[in-house]
Amino acid sequence: MKKVYISSENKYVYSILEMLKPQLIYIPLKDNELLIKSGDYVYKGDVVAVNKHDKFPLHSSVSGNVTLITKKTNLKGEKEDYIVIENDFKEKYKNRLGYKKDKDIYNYSKEEFIKLLFDMGIIGLSGSGQKTYEKYSASNIKCLVINVMECEPYLYCDKAVLYNYTEQLLECIDAILEIMKIPKAIIAINENDVKNINYLKKYIGSYPNIKVVSTSGAYPIGWERCLIETVFGMKYKNNPIEIGIIVNNISTIYAIYDALKYNNPLIEKNITISGNGIKKNVNVKVKIGSKLSEIIPYVTEYKNSNNLLFIVGGSMMGKSLVSDDVVVTKNLNSVIIMKNNFLKSSECINCGRCAEVCPVKLFPSLILKNIENIDKLKKLRVKECIDCGLCSYICPSKIEIKEYILLAKKKVNNNGI
């Protein structure tokens, strides 16, 4: 795969602010079975909805009263129904079963650990959204890889989590190895993240089964298939567990620590807010279900409120929206606020650069040209696209090729393939 180095700011942001007092919290109704109704009082940490398919829980991040159903924009830019909880700012728990301040995080069986991951609603926080308990349900795990590559521009929240919670994270990784009987763990980190590499060296000697591997930050090294090939020189067909490896990003590990140590469900997370449309870049801990329109003015300031784009989910893999009226979900890791001065697109010139950089060897320009031909789209393997956005980034005609490929995948899926 051709390496692509994407220009970005060199100065990482390692501090973490907090915005944990939103007025309202929004719980998505799509694919979920609600366990609450208007007029109910809910406690912080209560299960307020479960997935319709596997009963995977969604918890309230505040205590307060359930009010109404309203429409908000999701991360795909679509309007979606949400039920609203009005925060009473009391942070009241109904109960905290299993909570002990000095709990030994090693004191779990494999079955208890996997059940905890399910009950606490923990998913992959890199943006993939895969349910974490599913990964640890495998029986042949030989190595746990902790992904701290964070190779997208303007994205720093994982680096900040590692820097601020290094000791807790190492303890958690070690506990996971012992609970799951995994022989070793590797922390894969961007070689440019010198601050965290040095900080890890300070503590890593106490954990002989955890190694640190630094490698190039060329995009999309954070994609687990690319990461495993780079670190191990190994390939797999569908899932890394085929070769005995599972991958978690570092923020997911911290969510696991919070569950093991304090019995906390996944109701808060760190996100990065950055870009040339605001006065300062920040990492901020927020309540899941908060609105970006309430968070952003609290932690920074817009340079100009007119003609801005809000890119949610990363500059390469994310979606560009025209408003900050967006709800923070578990799989949101960043919002980039940019001045909308992007060049307009022109016709494809058949240069082939999009095919050169595609990490899964697709032909994006051909997909673009055959967008109405389902049979051709099948042959062009559109479903293998990982949504990395390199085709759009490299295109000299400034065509948003990724958006066409997303449309192509939707068409193929809707055709019953």
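The values are calculated or read from the model by the stated rules, or taken from the named source; none is laboratory data. Worth saying up front: this structure is predicted, and the values here are computed from it rather than measured. For neighbour counting, all protein chains shown are included, and Cβ atoms are generated from backbone atoms with ideal geometry for every residue, glycine included.
Having 1 or more residues that are closer than 22 Å to Y108 by Cβ, among the aliphatic types (A, V, I, L, M) and at pLDDT 95 or above is the bar; report the strands (runs of 3 or more DSSP E) wholly within the stretch 242-288 that clear it.
Working: elements: 245-249, 268-274, 282-287.
The qualifying strands (runs of 3 or more DSSP E) are 245-249.
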Cβ-Cβ under 7 Å, sequence separation 6+ or interchain: first residue in the stretch 15-29 and farther than 16 Å from T329 by Cα, partner surrounded by 14 or more Cβ atoms within 10 Å (Cβ to Cβ) and among the hydrophobic types (A, V, I, L, M, F, W, C). Which pairs?
S15/A160; I16/A160; I16/V284; L17/V282; L17/V284; L17/V299; E18/V284
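Check E150, E134, E112 and return the single one that is free of Cβ contacts under 8 Å to residues at least 40 places away in the same chain, crowded, with 16+ Cβ neighbours inside 10 Å and not hydroxyl-bearing (S, T, Y). If you could, list the steps in order and put the result at the bottom.
On the way: E150 fails: free of Cβ contacts under 8 Å to residues at least 40 places away in the same chain; E112 fails: crowded, with 16+ Cβ neighbours inside 10 Å.
Just one listed residue meets the conditions, E134.
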For a quick check of your reading: which strands (runs of 3 or more DSSP E) sit entirely within the stretch 307-417 and have at least 3 residues that are among the aliphatic types (A, V, I, L, M)?
308-312, 334-339
Give the residues of the stretch 375-386 that are closer than 16 Å to C358 by Cα and surrounded by fewer than 16 Cβ atoms within 10 Å (Cβ to Cβ), sorted by residue number.
R381, K383, E384
For residues in the stretch 339-373 being more than 27 Å from the chain's Cα centre (by Cα) and among the basic types (K, R), which is surrounded by the fewest Cβ atoms within 10 Å (Cβ to Cβ)?
K344
Tell me, yes or no, whether the stretch 269-285 has at least one residue that is over 21 Å from the mean Cα position of the chain (by Cα) and polar (S, T, N, Q).
yes
I need a count of the residues in the stretch 293-320 that are over 30 Å from P359 (Cα atoms) and in contact (Cβ under 8 Å) with a residue 40 or more places away in the chain.
5
If you take the residues of the stretch 315-337 that are touching a strand residue (DSSP E or B) at 6+ places or on another chain (Cβ under 6 Å) and surrounded by fewer than 19 Cβ atoms within 10 Å (Cβ to Cβ), which of them is nearest to I401 (Cα to Cα)?
S320
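Pick out the one residue from Y199, Y236 that is without any contact (Cβ under 8 Å) to a residue 12 or more places away in the chain, assigned by TED's automatic domain parsing to the domain that holds P153 and either surrounded by 14 or more Cβ atoms within 10 Å (Cβ to Cβ) or not basic (K, R) (or both). So that I can check it myself, show each step before the final result.
Numbers: Y199 fails: without any contact (Cβ under 8 Å) to a residue 12 or more places away in the chain.
That would be Y236, the only listed residue that is without any contact (Cβ under 8 Å) to a residue 12 or more places away in the chain, assigned by TED's automatic domain parsing to the domain that holds P153 and either surrounded by 14 or more Cβ atoms within 10 Å (Cβ to Cβ) or not basic (K, R) (or both).
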